[in-house]
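Undergrad: Quick one: structure below, then a few questions.
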Amino acid sequence: ICKPAEMEKLMENDVFMAFSTYAAIVILKMMLMAPMTAYYRLTRGAFANDEDVSRKPAEERKKLLRAHPDVERVRRCHQNDLENIIPFVVIGLLYALSGPELSTALLHFRLFTGSRIFHTIAYVGALPQPSRGLSWMLGMLVTFSMAYRVLSTVLWLCIHVIHVKMS
């Protein structure tokens, strides 16, 4: 159980505070994809469920229950956020707790955040490739870099503990 004094100490950690800030930004960006999907559904007249159009006449319901390329594009962008932002938040938390240098941590957090914002612009705006692919790849590389730091730190600690016990 985390004691208040320990939590206060954690909140004074610059890397943890930076992580919290950038994690909140990308989570908020991801959450905004749901209202964006709703906006595209309403403006394109493309609904997925019967209950969404239940008050419309039968003929109009048939026309409204359909997929639309713009709606599907936003949905795929949202799905991609789920596949990338959740691992970033989990690995980023472990990374922040592994004691990296603030400048290195900020570089990781800023690159990931920028890559996800640009990814959304490239995806929803249908910018030509490789813009979307490169922004996705940058975000993945950042997450893998943080995971490498976490795993190498844990491995070093395990080796150190084994060495101490054998001494």
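Undergrad: Take the chain, connect every pair of alpha-carbon atoms lying under 10 Å apart with a spring to form a Gaussian network, then pick out the residue of Asn80, Asn13, Asn49 with the largest mean-square fluctuation.
TA: Taking springs between Cα atoms under 10 Å, the residue moving most is Asn49.
Undergrad: Separate question: In vacuum, with every alpha carbon of the chain counted as one equal point scatterer, what does the Debye formula give for log10 I(q)/I(0) at q = 0.10, 0.14, 0.18 Å⁻¹? Two decimals, please.
TA: -0.53, -0.82, -1.07
Undergrad: Here is a further query. Work out the charge dipole of the chain with +1 on the Cβ of Lys and Arg and -1 on the Cβ of Asp and Glu about the Cα centre, then indicate which of Val154, Ala34, Ala5 is farthest towards its positive end.
TA: Looking along the dipole axis, the top candidate is Ala34.
Undergrad: While we're looking at this one, here's another question. Could you work out the longest stretch of the chain that avoids the trypsin sites (Lys or Arg not before Pro) located in DSSP loops with at most 14 other Cβ atoms within 10 Å?
TA: Here the longest run is 67-167.
Undergrad: Mind checking the dipole of segment 4-166: about its Cα centre, +1 per Lys or Arg Cβ, -1 per Asp or Glu Cβ, Debye to the nearest 20?
TA: So the magnitude is around 640 debye.
Undergrad: Roughly how many percent of the accessible protein surface of the chain is carbon and sulfur, given a 1.4 Å probe and a whole-percent answer?
TA: About 67 percent, which is the carbon plus sulfur part of the accessible surface.
Undergrad: Filter the chymotrypsin sites (Phe, Trp or Tyr not before Pro) in segment 14-85 to those in DSSP coil with at most 12 other Cβ atoms within 10 Å of their Cβ, and list the result.
TA: Passing both the DSSP loop test and the Cβ count: no residue.
Undergrad: Where only protein heavy atoms count, and the probe is 1.4 Å, what is the accessible area per residue for the chain in Å²?
TA: Spelled out: the 1.4 Å probe surface of the chain, per residue, equals 64 Å².
Undergrad: Using a 7 Å offset from the Cα along the Cα-to-Cβ direction at both Cys158 and Leu94, what is the distance between the two label points in nm, to one decimal?
TA: So the two model labels end up 1.1 nm from each other.
Undergrad: What is the distance in Å between the Cα centres of segment 1-55 and segment 87-127?
TA: So the two Cα centres are separated by 15 Å.
The values are calculated or read from the model by the stated rules, or taken from the named source; none is laboratory data. All figures in this text were calculated on a predicted structure; none of them were measured in a lab. As a convention, Cβ positions derive from the backbone with ideal geometry for all residues, glycine included, and neighbour counts pool all protein chains shown. Accessible surface areas use protein heavy atoms only, side chains included; no ligands, DNA or RNA. Shrake-Rupley method; radii C 1.70, N 1.55, O 1.52, S 1.80 Å.
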